[in-house]
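Notes for the one structure printed next.
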Amino acid sequence: MVNLLQFDRAGLGDLCEQLGEKRFRATQLSRWIHQRGEHDLAAMTDLAKSLRDKLAGSAVIEALPVASEQVAADGTIKWLFDVGAGDAVETVFIPEADRGTLCISSQAGCAVNCRFCATGHQGFSRNLSTAEIVAQLWHAEFELRRRLGLAPGERAITNVVMMGMGEPLQNYAALLPALRIMLDDHGYGLSRRRVTVSTSGVVPMIERLRDDCPVALAVSLHAPDDALRDELVPLNRKYPIAELLAACRSYLARAPRDFITLEYCMLDGVNDSPEQAGALLALVRGDGTAASGLACKINLIPFNPFPASGLRRSPPERVAAFAAVLQQGGIVTTVRKTRGDDIAAACGQLAGEVQDRTRVAERGVRAVPVRIERNVAKPVSRRGAGLPVARERSAS
Ligand code: SAH
Ligand code: SF4
């Protein structure tokens, strides 16, 4: 049995052909599934009976089992979906006056292992399939339409952000058809500007995405220099900042917006000093170097703590001072409002329930043990280095 949520329209067309039916049936199928939320093949009355009969024996349209649902005081909803074998992933709906945003997971766990991220902290279990990525949207959209009593054709979800659990560009093969379903006029019909892929910086895959399906791009930068970024986002050791910014510049040629969003998680005493704001400003303006810099907006995310991170959120005045340096330097900078934190649905708090098959903890490369001294989080030691800026600040 195949799950039809697995296929974009080209894939559905191939399936129809394999069954000896016309490719254009894929359009009808897609409309039933993604525009009407139908899961019962028998109910698709305008679909050729021959196709329905053939599909009945070989295909299903199947949602993921909901393990739990939580609703926050601000209306944010977090679903935990069971993806089998002890793994579960989280999906978050964020309602706002003029939009409804769904934050979708791409992997159970994550192999990138960023210091400040609950998902990274638990290690990597496995990639989600296209069906498992799309099932999050399918469930949320049609469940919300029912609850909100929306008229046919009215949408609950207007924006999708690939900012849930996992690194979407390390699951590119499954991501790409999922994005195509989101954008398809016979699918969810979302514009490229309203679908955002967020990445910790998988440089070759940024280039692939530019060529295959250029949606809005957000890049998780978090540090103005390689020494610190190596510690916070270990993938930086493979793809350092200069290469990452070059990939972003080349992405802009086909991006739906004329800027890249840079995300920067504000960690107390680690990456939040005015000097670091200045260094970030110089970096994105390309000061002192030829042919560099980047057309960007910067989104400062107050760190959302989770047990065992050993890190602290920057105080609001420090975030404001950091933002001011960037704004005065001419860079559009916003501070992200934290939503749903009473149900641990905020950025970086998604943990699901993941069987840690990477056993990072045992291998000792996961969260570096952290000592808190005078409000400064310091790694005990890794490669003898530690967080350079934490040292600098504790000395001041
Ligand atoms: N793997 C992708 C997308 C998922 S994480 C990425 O890293 O971009 C989505 C965003 O949440 C990223 O910008 C990430 O850096 C940020 N984030 C992770 N942990 C966080 C935390 N504890 N507090 C605030 N933001 C966090
Ligand atoms: Fe993975 Fe993104 Fe978390 Fe880093 S921040 S560990 S890339 S999910």
Taking only the Cα positions of the chain, the convex hull volume per residue in Å³ is 143 Å³
Per 5 angstrom bin, beginning at 0 and ending with the bin that holds the maximum distance, the Cα pairs of region 247-306 fall in percents of 4, 16, 22, 22, 17, 12, 6, 1, 0
Asserting the computed 222 nm helical MRE of the chain (DSSP H runs at least 4 long, -39500 (n - 2.57) per run, divided by residue count, to nearest 500) equals -9000 deg cm²/dmol
Note, residue 42: beta-carbon cut-off 11 Å, +1 each Lys/Arg, -1 each Asp/Glu, net -1
With +1 on the Cβ of every Lys and Arg and -1 on the Cβ of every Asp and Glu, the dipole magnitude of the chain about its Cα centre, in debye rounded to the nearest 20, is 480 debye
Residue-normalised value, i.e. accessible area per residue, for region 113-250 at 1.4 Å probe, in Å², stands at 31 Å²
One checks the Cα atoms of region 137-190 and finds Rg and Dmax, in Å, of 12.6, 37
Answer in debye to the nearest 20: the dipole magnitude of region 1-72 about its Cα centre, from +1 Lys/Arg and -1 Asp/Glu charges placed on Cβ, is 300 debye
Counting only DSSP beta bridges fully inside the chain, the antiparallel percentage to nearest 5 is 50 percent
Free-by-geometry Cys in the chain, Cβ-Cβ under 4.7 Å as pairing rule, reported as 16, 103, 110, 213, 248, 265, 296, 347
The answer for region 297-360, accessible area per residue at 1.4 Å probe in Å², is 48 Å²
With residue 62 itself left out, Lys, Arg at +1 and Asp, Glu at -1 over residues whose Cβ is under 13 Å from its Cβ give -4
On the accessible surface of the chain, probed at 1.4 Å with all protein chains in place, carbon and sulfur together account for a percent value of 52 percent
For residue 49, the lysines lying under 16 Å Cα to Cα, once residues fewer than eight places off in the same chain are dropped, come out as 22
In Å, the Kirkwood hydrodynamic radius from C-alpha pairs for region 96-150 sits at 13.1 Å
Protection proxy (average C-beta count within 10 Å per residue), highest first, orders 42-49, 114-121, 173-180 as 114-121, 173-180, 42-49
The summed charge of the residue 78 Cβ neighbourhood (under 9 Å; Lys/Arg +1, Asp/Glu -1) stands at -2
Given Cβ charges of +1 for Lys and Arg and -1 for Asp and Glu, the option among 20, 59, 170 whose Cα lies farthest towards the positive end of the dipole of the chain is 170
Listed by chain and number, the residues whose amide H is under 5 Å from that of residue 196, excluding neighbours fewer than 5 places away on the same chain and using placed H, are 160, 161, 162
Amide H proximity to residue 266 below 5 Å, modelled H, separation 5+ or other chain, gives 301, 303
Expressed in angstrom and ordered largest first, the alpha-carbon extents of region 276-360 along the principal axes are 47, 31, 21
As a Kirkwood estimate from alpha-carbon pairs, region 186-301 has a hydrodynamic radius in angstrom of 14.6 Å
By the Kirkwood definition, with r running over pairs of different Cα atoms, region 123-274 has a hydrodynamic radius in Å of 16.7 Å
For region 213-331, the dipole about the Cα centre with charges only on Cβ (Lys and Arg +1, Asp and Glu -1), to the nearest 20 debye, works out at 360 debye
Descending packing, highest mean Cβ count within 10 Å first, for 87-93, 300-306, 122-128 is 87-93, 122-128, 300-306
Farthest towards the positive end of the dipole of region 189-256, among 201, 233, 216 and with Cβ unit charges of +1 on Lys and Arg and -1 on Asp and Glu, lies the Cα of 216
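The values are calculated or read from the model by the stated rules, or taken from the named source; none is laboratory data. Every value quoted in this text rests on a predicted model; they were computed, and no experiment measured them. Cβ coordinates were reconstructed from backbone atoms using ideal geometry, including for glycine residues, and neighbour counts include every protein chain displayed. Protein only, heavy atoms only, side chains kept; ligands, DNA and RNA dropped before computing areas. Shrake-Rupley method; radii C 1.70, N 1.55, O 1.52, S 1.80 Å.
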